[in-house]
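What follows is a single structure, written as structure tokens, with notes after it.
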Amino acid sequence: MTNSRLPGLHNLPRAERLTRVAQAAGLDAAARAHLEAAAAHDGEIADHLSENVISVMAVPLGVATNLRVDGQDVLVPMATEESSVVAAVCNGARACRDAGGVVTEADPPRMIAQVQVTGLEDLSAARDAVLARRDEIAARCNACDPVLVRLGGGFRDVEARIVPPFLVLHLIVDVRDAMGANTVNTMAERIAPFVEEITGGRVGLRILSNLADRRLVRARAVWPAEVIGADVVDGILSAWAFAAADPYRAATHNKGIMNGIDAVGLATGNDTRALEAGAHAFAAQGGYGPLSSYEKTPQGDLLGRIELPMPVGIVGGATRAHPTAQAALKIMGATTADRLARVMAAVGLVQNFSALRALATEGIQRGHMGLHARNVAIAAGATGAQIDRIARAMVERGEIRENVARTLLDEMPRKGR
Ligand code: NAD
């Protein structure tokens, strides 16, 4: 059995870490060589980004075409291992581009940091004491980050919520082009002694809230009935009504939206977990429901809308440290976090449209399975031209399984392999 005690692993150079882990886990030479080769390019960057790094997990980076956001065309880099996500954006974007593409609105980039105050007897008096010292709190927060203030960001407001038995302060901070977690966490930590002084309580947690509901992005698009078909308009309306009525369906509806948003987040070095947490917490406000909505216009076309938090940055975190993230931002031409956030909301909406169109018509499996079949063929050992041949054969048979792929591979004439 593997012993998980590997003392001092973090102090070793990466290659030696891999040796230790390979020994402990009994990795064969081929698996070890693969991990070594995978790290040849970006191993050093990976070492700086995380801990106990032994290699790099490469994820495909694709580019979605056809998207127009706020009158400007944009190529969208998407990092995802899931088949049909990039294709869905290309198709959904093409179907709405002649009707104007996607139009967006975005809140200013405001994040919330929470400060939990404990041990208070009179919560209302403590709240009043905090609000009376707003200007001093503002000055102390802004003193933490002169760079941000110079760029036009910084403290915007303090709110004091009574969440018995605690008083919870919300520092509202404009983080400009950053995702902002480190920025607001620093402010929350620095302000804590002052909060204790003015409330007489004790400060507990000091950390941002991932329910970033002061940083919402809204996007809308029209898909003309003459492009997608009047029956598809009705099918999508019915699919949306299902999600609006049933949280079991809404979870999957929103998962599809996040397929697109996370892929752009990952490609640009953003925190996909923060995006997920924000989106689902927002979707649960007032009972879990879909992040998008659809209606029929008076002309009979399909109007889709989406609204969700979009805490993303183009500075800070891995966005600047990772050359792939930098290249992805260049491909998009995103020079502000605001533009990135708007494009990501547009991707979420277009992705959702395509998923609903597939579900409401032929079902998801036909398009999905063609791409999935390729993965199964690769897992069975197919290479080069074999991959498409075996994938096609499995789709034709309606049997997409690794054992079927292996049989087909064995049956291939030697010279055809
Ligand atoms: P950061 O602190 O690295 O960068 C932000 C700082 O960059 C600002 O404070 C400012 O001083 C400076 N800056 C320079 N140019 C700027 C500009 N144009 N706009 C704004 N700031 C500019 O990064 P961050 O965005 O504060 O933190 C993001 C990281 O925090 C992510 O990697 C995330 O994973 C991590 N994180 C997340 C959580 C969470 O989501 N719960 C918690 C902790 C940390």
Given unit charges at Cβ for Lys, Arg (+) and Asp, Glu (-), the dipole magnitude of the range 118-171 about its Cα centre in debye, nearest 20, is 220
From Cα pairs below 8 angstrom and at least 6 apart in sequence, can you work out the relative contact order of the range 127-230, rounded to a whole percent? 23
For the chain, modelled as a GNM with alpha-carbon contacts under 10 angstrom, which of L167, L359, L49 fluctuates the most? L49
Compare the Cα positions of Q116, G256, G289 along the charge dipole of the chain (+1 at Cβ of Lys, Arg; -1 at Cβ of Asp, Glu; about the Cα centre) and return the one farthest towards the positive end. G256
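Using only helices, what value at 222 nm comes out for the chain when you add -39,500 (n - 2.57) per DSSP H run of length 4 or more and divide by the total residues, to the nearest 500 deg cm²/dmol? Please list the in-between numbers first.
On the way: 18 runs with 216 residues, N = 417.
Helix contribution divided over all residues of the chain: -16000 deg cm²/dmol.
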Pick out which of V350, V89, V115 has the largest mean-square fluctuation in a Gaussian network model of the chain, springs linking Cα atoms closer than 10 Å. V115
Loop only per DSSP, at most 11 neighbouring Cβ atoms within 10 Å: give me the GluC sites (Glu not before Pro) in the range 105-162, ordered by residue number. E121
Mean shadow area (nm²) of the C-alpha convex hull around the range 4-59 is 3.9
Place a +1 charge on the Cβ of each Lys and Arg in the chain and a -1 charge on the Cβ of each Asp and Glu, then give the dipole magnitude about the Cα centre in debye, rounded to the nearest 20. 740
What percent does the relative contact order of the range 23-98 come to when contacts are Cα pairs within less than 8 Å and at least six residues apart? 23
Alpha carbon convex hull of the range 215-349, projected area averaged over orientations, nm²: 8.6
Please report the projected area of the range 276-417's Cα convex hull averaged over all directions, in nm². 13.6
Please state, to two decimals, what the Cα-based radius of gyration of the range 24-133 comes to when divided by 2.2 N^0.38 Å (N = residues). 1.88
Dividing the Cα convex hull volume of the chain by residue count, how many Å³ per residue is that? 201
Calculate log10 I(q)/I(0) of the range 70-124 for q = 0.15, 0.20 Å⁻¹, where I(q) comes from the Debye formula with a single equal point scatterer on each Cα and nothing for solvent. -0.67, -0.94
Treating the beta-carbon of each Lys and Arg as +1 and of each Asp and Glu as -1, no other charges, what is the dipole magnitude of the range 169-217 about its Cα centre, to the nearest 20 debye? 60
Percent relative contact order of the range 223-300, based on C-alpha pairs within less than 8 angstrom and at least six residues apart? 42
Considering the options A221, L208, A192, tell which one lies farthest towards the positive end of the dipole of the range 188-249, charges being +1 on Lys and Arg and -1 on Asp and Glu at the Cβ, about the Cα centre. A192
Projected onto the charge dipole of the chain (unit charges on the beta-carbon of Lys, Arg, Asp and Glu, signs +1, +1, -1, -1), the Cα from G92, G26, I54 with the largest positive-side position is that of G26
Convex hull volume of the Cα atoms in the range 102-153, per residue, in Å³? 139
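Percent antiparallel among DSSP beta bridges with both residues in the chain, to the nearest 5?
The antiparallel fraction comes to roughly 95 percent.
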By Kyte-Doolittle mean hydropathy of at least 0.0 and Cα axial length of at least 30 Å, which whole DSSP H helices of the chain are selected? 337-360
Does anything in the range 58-97 have its amide N under 18 Å from the 7 Å Cα→Cβ label point of E226, and if so which residues? 94-97
Checking P77, P164, P311 against a Gaussian network model of the chain (alpha-carbon springs below 10 Å), the top fluctuating residue turns out to be P164
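Coordinate-derived values only; no laboratory data. Every value quoted in this text rests on a predicted model; they were computed, and no experiment measured them. Cβ: placed from backbone, ideal geometry, glycine included. Neighbour counts: every protein chain shown.
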